[in-house]
Amino acid sequence: MYVEIKNLSKTFGNFTALDDISVSIEKGTLVGLLGPSGSGKTTILRSIAGLETPDSGDIFIDGKRINDTPAGKRGIGFVFQNYALFRYMTVYDNIAFGLKVQKRDKKYINERVRELISLIGLDGLSGRYPHQLSGGQKQRVAFARALAPNPHLLLLDEPFAAIDAKVRKELRTWLRETISKVGITSIFVTHDQEEAIEVSDRIVLTNQGKIEQVGSPLELYRKPATPFAAKFIGEGTTITGYFQLKGFSQEQGYESALIRPEFTQVFKQGKSLYPHMTNCGVVQSSFFRGNSQELHIDVQGIRIIADYSLEEEAFQIGEPVDVIVSRLFLLGDDQVLAVENQNLKNVNTVVI
Amino acid sequence: MKRQIKANITKILLISTCVIFVGVMLVVPLASVIVYSLREGWQVLAKTVMDQYTIKALQLTLYAAAIAVVFNTVFGLFSSWAITKFRFKGKNFLSTLIDIPFAISPVIAGLIFILIFGRIGWAYDFFNSHDIKVVFAVPGIVLATIFVTFPFVSRELIPLMHAQGTDEEEAAALMGAKGLSVYRRVTLPHIKWGLLYGVILCTARALGEFGAVSVVSGKLRGKTNTLPLHVEQLFQEFHLTASFAAASILVVIAIIILILKNIVEYKGKKEDELHVR
């Protein structure tokens, strides 16, 4: 393990930012620290960087305990949320700053800065000041500045938060590609699940100062370990009385269930092929979602949200429909049980 | 149309009120100081200005102001750095304490020093045994000036540095830059115009200080008399023209400082427009 955090705790006054956290990160991966605000993700990042001193616990990088190493000597590159570019320095001087501090010779600095400026695609803009750059360009400069001194580890604090939606998508892809090109172990903080899923190799999901789950984006989506993880990743509605749905029975210790739009299929009344697992419902409202239609359906008092293709014949509000639910995440106190529709299983065996 | 006329009337009213007020309250009195000092001709003015006591008083005023400005600049840099860039207990309290000289009457400030260093003061014996005279001597005047002008530089810098936040410093520190180098290369460029502005304000205040200095000075002509005190003394002795002549020196200094202040403000603003957007 390249970065190893052991039993890290940190409080700010009465607020517990980190509560005995342990996590390890492999070399060469791009890890997303995902969680709602106040969940401790930024505190983890700042503790690794040395900008925050943990109350207890150890941080190891490449096998060395770095708790007592000052921030400037940890060999870490840091990209700040609002860039934190030196506003009284040009793009060139911003990127060269770290190298000048290391007292590298001028020729090397010049070469390295030129190389980075072309890596971030800002050739010809080296003499500009930060205020003369767009948000995306500033972010790229901040990235290059962090990379300049050849850090072993790159930390990014909400790298896309201050950028408008359209550029953000483009920059995400760019960052992902550039990081894999440079091949540096990177950790970034985000509260946006879509961003985390799209960019990271692995996600560390935090909540209230604790780690809920660590895994690949797909693992978190498919096998959420905790009710929080199930609710935070992907879309879904929480329902009670899930056992009234056909094909599901009550499980001990699981009071409610999470149902995702992708778990449900909606048919015009009487068009369902499997009557023995079809629930009757009524369309309550529908929303146009750009590439699909979102239906809110009342199934015997259970409110279900489903996506419906725009290619099919549209539903009217108040229209009775057939609903098949294929899977559910049953939510316990702190565990999640994924269950398939039992009747669906039977169907499969029959077909085979 | 109507609305525009209304807005115009408001504008004209506001501007003329301001101009009249400033004119009556500030410009006319200041101009009359100069006019009055010239009442008996240039010779009298020149004579008073060149008078050895006046020159001594001017020297002492400049001397005390210079020390106060240097001291308060250094203190202002340190305190604003500490208050804005670090977290510690009692920070708000400290920042309130710095404001005391703003809130307190200068006379009280002067009395404080009498109470400490005067014949009845607890520090008197110590300094007396070392043959150092504080009260009714130059050190007392310097101390009083420092006290009164204490918050000027830090008050100017604290909001500026607050607005800047700590991100840039943290970024520099993460790349291995040491504290002083971070301050010089990242913090100082940001605050330099504000700093200059604070220094100018502090200088103006230090040169004009009357209340506190008047208590501790003892007003010995040619020894512990500052220029503002000298003006008052001449006035009390009914040397009206001479008094106004001495005062005109202060007025001229004030005008020079105002011009400097405006230049600094203008330059600072121009640079801000360039960098902070």
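The values are calculated or read from the model by the stated rules, or taken from the named source; none is laboratory data. Not measured: the values here are computed from a predicted model. Here the Cβ positions follow ideal geometry from the backbone for every residue, glycine too, while neighbour counts run over all protein chains shown.
Checked against the criterion of being assigned by TED's automatic domain parsing to the domain that holds B:Ala109, of a type in the set (A, V, I, L, M) and in contact with a Gly (Cβ under 8 Å, 6 or more places away or on another chain), the candidates B:Ala242, B:Ala212, B:Ala206, B:Ala246 yield just one match: B:Ala212. Of the residues making up the range A:73-98, just one is more than 7 Å from chain B (Cβ to nearest Cβ), modelled with pLDDT under 90 and in contact with a helix residue (DSSP H, G or I) (Cβ under 7 Å, 6 or more places away or on another chain), namely A:Tyr83.
Checking the stated criteria, A:Ile109 turns out to be in contact with a Lys or Arg (Cβ under 7 Å, 6 or more places away or on another chain) and more than 20 Å from B:Glu168 (Cα to Cα). The residue of the range A:43-62 that is nearest to the other protein chains (Cβ to nearest Cβ), among those that are of a type in the set (Asp, Glu) and under 16 Å from B:Arg87 (Cα atoms), is A:Glu52.
Of the candidates B:Gly165, B:Gly110, the single residue that is surrounded by fewer than 18 Cβ atoms within 10 Å (Cβ to Cβ) and assigned by TED's automatic domain parsing to the domain that holds B:Arg221 is B:Gly165. Of all positions in the range B:170-178, none carries a residue that is under 23 Å from B:Ser95 (Cα atoms) and either in contact with a His (Cβ under 6 Å, 6 or more places away or on another chain) or surrounded by fewer than 20 Cβ atoms within 10 Å (Cβ to Cβ) (or both).
Going by the conditions given, is B:Leu58 among the aliphatic types (A, V, I, L, M), assigned to a helix (DSSP H, G or I) and either surrounded by 12 or more Cβ atoms within 10 Å (Cβ to Cβ) or in contact (Cβ under 8 Å) with a residue 60 or more places away in the chain (or both)? Yes; evaluated as a whole, the condition is true for this residue. Considering the conditions (1) surrounded by fewer than 17 Cβ atoms within 10 Å (Cβ to Cβ); (2) β-branched (Val, Ile, Thr); (3) within 13 Å of chain B (Cβ to nearest Cβ), A:Val101 is excluded by exactly one of them, (1).
Kindly indicate which of A:Ala196, A:Ala162 is touching a residue at least 60 places away in the same chain (Cβ under 8 Å), aliphatic (A, V, I, L, M) and part of a loop (DSSP other than H, G, I, E, B).
Numbers: A:Ala196 fails: part of a loop (DSSP other than H, G, I, E, B).
So the residue among A:Ala196, A:Ala162 that is touching a residue at least 60 places away in the same chain (Cβ under 8 Å), aliphatic (A, V, I, L, M) and part of a loop (DSSP other than H, G, I, E, B) is A:Ala162.
Counting only strands (runs of 3 or more DSSP E) that sit completely within the range A:220-335, those holding 1 or more residues that are among the aromatic types (Phe, Trp, Tyr) correspond to A:264-268, A:279-288, A:302-308, A:327-331. Candidates in the range A:248-294 are the residues that are closer than 21 Å to A:Phe232 by Cα and charged (D, E, K, R); of these, the one that is surrounded by the most Cβ atoms within 10 Å (Cβ to Cβ) is A:Arg260. Within the range A:67-79, the residues that satisfy the criterion of being crowded, with 18+ Cβ neighbours inside 10 Å and either aromatic (Phe, Trp, Tyr) or within 14 Å of A:Leu45 (Cα to Cα) (or both) are A:Ala71, A:Arg74, A:Ile76, A:Gly77, A:Phe78, A:Val79. Only one entry in B:Val69, B:Val49 is assigned to a helix (DSSP H, G or I) and farther than 20 Å from B:Val213 by Cα, namely B:Val49. Mind checking whether some residue in the range A:175-186 is assigned to a helix (DSSP H, G or I) and closer than 25 Å to A:Ser9 by Cα? Looking for residues that are assigned to a helix (DSSP H, G or I) and closer than 25 Å to A:Ser9 by Cα, one finds none in the range A:175-186, hence no.
Right, A:Lys231: among the charged types (D, E, K, R) and more than 18 Å from A:Phe329 (Cβ to Cβ) or not? No: the conditions fail for A:Lys231. For the range A:163-182, the candidate set comprises residues that are out of contact with any helix residue (DSSP H, G or I) (no Cβ under 6 Å at 6 or more places or on another chain) and aliphatic (A, V, I, L, M); within that set, the residue that is farthest from the other protein chains (Cβ to nearest Cβ) is A:Ala165.
Among residues of the range A:247-258 that are more than 12 Å from A:Ile302 (Cβ to Cβ), those with a beta-carbon under 9 Å from a residue that is of a type in the set (Ser, Thr, Tyr) and surrounded by fewer than 20 Cβ atoms within 10 Å (Cβ to Cβ) at least six positions away or on a different chain give the pairs A:Gly247/A:Ser326; A:Glu255/A:Thr240; A:Leu258/A:Thr237; A:Leu258/A:Thr238. Filtering the range B:189-200 for residues that are closer than 16 Å to B:Leu62 by Cα, within 19 Å of the chain's Cα centre (by Cα) and either within 14 Å of chain A (Cβ to nearest Cβ) or surrounded by 18 or more Cβ atoms within 10 Å (Cβ to Cβ) (or both) leaves a non-empty set.
Checked against the criterion of being within 14 Å of another protein chain (Cβ to nearest Cβ), crowded, with 19+ Cβ neighbours inside 10 Å, touching a residue at least 40 places away in the same chain (Cβ under 8 Å) and touching a Gly at 6+ places or on another chain (Cβ under 8 Å), the range A:119-142 contains not a single residue that satisfies it. Just to verify a result, which residue in the range B:99-120, among those that are part of a loop (DSSP other than H, G, I, E, B) and under 27 Å from B:Cys202 (Cβ atoms), is farthest from the chain's Cα centre (by Cα)? Going through the qualifying residues, I end up with B:Gly118.
Could you please let me know if B:Glu156 is within 14 Å of another protein chain (Cβ to nearest Cβ) and among the acidic types (Asp, Glu)? Write out each step before concluding.
On the way: within 14 Å of another protein chain (Cβ to nearest Cβ): no; among the acidic types (Asp, Glu): yes.
Against the criterion (within 14 Å of another protein chain (Cβ to nearest Cβ) and among the acidic types (Asp, Glu)), B:Glu156 does not qualify.
Restricting A:Ile304, A:Ile324, A:Ile297 to those that are closer than 27 Å to A:Lys223 by Cβ, in contact with a helix residue (DSSP H, G or I) (Cβ under 7 Å, 6 or more places away or on another chain) and surrounded by 13 or more Cβ atoms within 10 Å (Cβ to Cβ) reduces the list to A:Ile324. The helices (runs of 4 or more DSSP H) located wholly in the range B:206-277 that include 3 or more residues which are within 14 Å of chain A (Cβ to nearest Cβ) occupy B:240-275. For the range A:100-125, the tally of residues that are of a type in the set (D, E, K, R) and assigned to a helix (DSSP H, G or I) stands at 7.
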